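Trainee: Mind looking over this structure? Questions follow.
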Amino acid sequence: MASTKTDPDVGSQQLSGQQSFADRNLKCIRATVIGVGAVGALMVLRSLHLFKTYSHVSHFPSHFIKQHKRFHGKVKAVSSSGVISIQHTPILTTRFTKPATGNLLMRPLGVVPTPQGVTWMQKNIVDENVGFRPLQVNNSQELEVVIYHRWSILNEQLIKQGLGTVEQPSKQLRDDATALKLLQKLVKAEYKIAQQRQRAQLWEQWKPGNVINRAKNIPWNVMIAIRKEVTLEKMGQKIKNGKNYLIQKAKQMGEAQKQEK
């Protein structure tokens, strides 16, 4: 009986001992928990490559390209063939972050820039910060990308301004949702610019000044024949209208005679 009475006392003594140990070492326990959490967070960040810079296309993890992850960089140059050189910058930087030692070579997906388009890019996007989403690596070890410049998509802007033509993506991207969505935008933009050019050509062709100038170069006999044809057509129309008028009048007179009877 005596042993059963002392059991609760022993348990309470052990519990109070643990509490006193925790109270004495509270700072150490907190520091350990924070340290473990920080190490885990750093490991996660490193696995996401948030601090890493890429200097060559071959350095890119293949799963990032398949997932079309978005990256950032600074445009360093645009070649005469439309290849864009971009220096990659990581998402997060520290004072220990080293800049990329080389530039990534890229082409805007679905667009073949015209010479005017290349000149425009050299003037407007060099030394600019851009975002880019790689979709695949071509045979020339260049990234084919969607480029985000300021508040627009560079691929689409080149087509809208008539500075490039639409190019079909490779077979590997014909079932890719991102590539197909971009291609739809590019085709619509190219169709609109084609309509605008057609309207401009028609206006240039048929505006009064050009019509008069072309008429001056037409031989007189052709002009007389055209005038006769137009005059005959007008006379024919008048005769036809006259016949219709006579038929209508005859009907009215016939109805009036019936009423008189």
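The values are calculated or read from the model by the stated rules, or taken from the named source; none is laboratory data. Owing to the predicted nature of the structure, the values given are computational and were not obtained by experimental measurement. Here Cβ is always computed from backbone atoms with ideal geometry, including for glycine, and neighbour counts include all displayed protein chains. These area figures cover heavy atoms from the full protein model, side chains too; ligands, DNA and RNA do not enter into them. Shrake-Rupley method; radii C 1.70, N 1.55, O 1.52, S 1.80 Å.
Trainee: For region 193-217, what are the residues that are closer than 19 Å to Asn155 by Cα and either modelled with pLDDT of 85 or more or in contact with a helix residue (DSSP H, G or I) (Cβ under 7 Å, 6 or more places away or on another chain) (or both)?
Mentor: Ile193
Trainee: Looking at region 154-186 only, could you name the residues that are loosely packed, with under 15 Cβ neighbours inside 10 Å and in contact with a Phe, Trp or Tyr (Cβ under 8 Å, 6 or more places away or on another chain)?
Mentor: Passing the criteria: only Gln161.
Here is a yes/no grid of residues against (1) under 18 Å from Ser80 (Cα atoms); (2) in contact with a His (Cβ under 9 Å, 6 or more places away or on another chain):
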{"position": "Leu109", "(1), (2)": "yes, no"}
{"position": "Val118", "(1), (2)": "yes, no"}
{"position": "Arg133", "(1), (2)": "no, yes"}
{"position": "Val137", "(1), (2)": "no, no"}
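Trainee: Determine which single condition Asp175 fails, assuming it passes every other condition in (1) in contact with a helix residue (DSSP H, G or I) (Cβ under 9 Å, 6 or more places away or on another chain); (2) in a loop (DSSP other than H, G, I, E, B).
Mentor: (1)
Trainee: Report the residue count in region 75-101 for those that are of a type outside the set (S, T, N, Q), open to solvent by less than 70 Å² (accessible area, probe 1.4 Å) and either part of a strand (DSSP E or B) or at pLDDT 85 or above (or both).
Mentor: Of the residues in that region, 8 qualify.
Trainee: Give the residues of region 127-181 that are within 17 Å of Gly117 (Cβ to Cβ) and among the hydrophobic types (A, V, I, L, M, F, W, C), sorted by residue number.
Mentor: Listed by number, the residues that qualify are Val130, Val145, Val146, Ile147, Ile153, Leu154, Leu158, Ile159, Leu163, Val166.
Trainee: Still on this structure: Looking at (1) open to solvent by less than 30 Å² (accessible area, probe 1.4 Å); (2) in contact with a helix residue (DSSP H, G or I) (Cβ under 8 Å, 6 or more places away or on another chain), can you tell me which one Phe132 breaks?
Mentor: The failed condition is (2).
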